[in-house]
1. At 7 Å along the Cα-to-beta-carbon direction for both GLU17 and LYS129, put a label point, then send me their distance in nm to one decimal.
2. With an 8 Å cut-off on Cα pairs and a minimum separation of 6 or more residues, tell me the relative contact order of the chain in percent.
3. Please identify which residues in segment 224-239 have an amide N closer than 12 Å to a label point set 7 Å out from the Cα of GLU208, following the Cα→Cβ vector.
4. Check LYS372: other-chain or 5+ apart residues with amide H under 5 Å from its amide H, H built from backbone geometry?
5. About the Cα centre of the chain, what is the dipole size in debye to 20, counting +1 per Lys and Arg Cβ and -1 per Asp and Glu Cβ, all else neutral?
6. To one decimal place, what orientation-averaged projected area in nm² is obtained for the convex hull of the Cα set of the chain?
7. Residue by residue through segment 232-247, which ³J(HN,Hα) values in whole Hz follow from phi under the Karplus form 6.51 cos²θ - 1.76 cosθ + 1.60 (θ = phi - 60°), with glycine and proline marked x?
8. What list of ³J(HN,Hα) values in whole Hz, one per residue of segment 297-308 in order, does the Karplus curve 6.51 cos²θ - 1.76 cosθ + 1.60 (θ = phi - 60°) give from phi, with Gly and Pro shown as x?
Amino acid sequence: MRYIVIGNSAAGLFAVEEIRRHDTQSEIIVLTAEQEESYSRCLTTYFLAGDIPVSRLYLRNVDFAEKLNLTIVYGVEITGIDPTSQRVQSADGREWEYSKLLLAMGASANKLTILGGNLPEVFTLRTMKDALAINDVLERGAQKAVIIGGGLVSLKSAYALKRRGLEVTVLISSNQILSQMLDERAAGLIQGHLEANGLRFLLRTEVEAITGKNHVQGVLIATKTELDADLVLVGKGVRPNLGELKNVGFKMGQGLQVDSSLATNLPHIYAAGDIAETWDLVRQKFAVNATWPNATAQGRIAGANMCGGKEIYPGSLGLNSVDFFGLSAMSAGITKLPEKKGQGDWDQEESLKIVKDIPIYRNLLWQGNILKGFVLVGDTSQCGVLTALVKAGRPLTQDQKNLTMGKRGTLAVGMMK
């Protein structure tokens, strides 16, 4: 038996550990496009902020591969898969035959295709290589940064650069920050807090070009205004690394569609992590929910099932959390009332109060008596219970719903049972 895992991040790492737990003898080969050992993408902004050294990014000790008897091949660009002969091919002409194959190559950051987008101080932040290159520019004395995009990575990067003493401007084409995570009211609270801590935001702003001949000089926006910049960071979302897989015969949408065992529609091939399209527990359709916890759970279950296990992955959930200058926010599931509400009665319960200058905001979204999602700002202490309710997807009695909405007493963990 030969297991091949393509990808060395969260899903791939947890998969090989689970495979080895079940199968102590068979060969395991990990192929990765990167040159680094397994590291946490989630911690790269903490490194840029100066909160942790680069050594803290690594997830396992240097003897990890030796202890698990793994072969890890770095710098491998996969260009083809032949499901009939059960082989994978790389750009340099090498081939590997597999008995079971896991595709866990994750996603790549979207880049700008505008004038100046290829200047050396224009970055995305997805890999350790990106983080090290950005840090090099910071150590050379960058003073002004422009962030293009208002998503999670963009704001975490803006926060990190501000912590390093830079003047930071965030450009957002839409009317709010964190549009995939927060409702408009919560986004306004977070934006106000960030502005109070020195960040500048320009909403409804389109970028026309990045100026400079050999190095970044500034960013030209649609009003013909040029913003000075030594560094530009682009955070315009990610795309699953499907590459040549589109011609192999996989069932796919945004990513590779998998069943409850994490198997694809092709024999002996599984997928996990940011490349996998799993059943969304809330939206009740296939979707890519690219979060670290989802990737680790999927990798572990895929690894077990590649060894003959019968574990079930119930489905994924969009779940995100942030903390900026002491103000935290969390959300899960659906965070805005649907424009087309469809079947069922949709409702939301919002509350906002200020406690010692800290906004405490809560928005629960309901379809009938089923909790479909929530947004919390300032006090996230109930996130565990609320997340469990969203995952369960079961109707609550009116008394239970009243408890959840804070109309009587305190939220009870027992209502989930």
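Every number in this text was worked out from the coordinates using simple rules, so none of it is lab data. Bear in mind that the values here come from a model prediction, so they are computed numbers and not experimental data. Here Cβ is always computed from backbone atoms with ideal geometry, including for glycine, and neighbour counts include all displayed protein chains.
1. Modelled inter-label distance: 2.6 nm.
2. Details: 891 pairs, mean separation 61.6, N = 417.
The normalised contact order for the chain reaches 15 percent.
3. Correct set: 224-227.
4. Residues meeting the criterion, in which the H sits 1.01 Å from N, are LEU365, TRP366, GLN367.
5. In total the dipole reaches around 1020 debye.
6. Values: hull surface 89.7 nm².
Average projection, Cα convex hull of the chain: 22.4 nm².
7. Whole-Hz 3J(HN,Hα) from phi for segment 232-247: 10, 10, 9, x, 10, x, 10, 9, x, 7, 7, x, 7, 5, 5, 9.
8. Going residue by residue, I get 5, 5, x, 5, 5, 4, x, 5, 6, 5, 8, x Hz, with x marking Gly and Pro.
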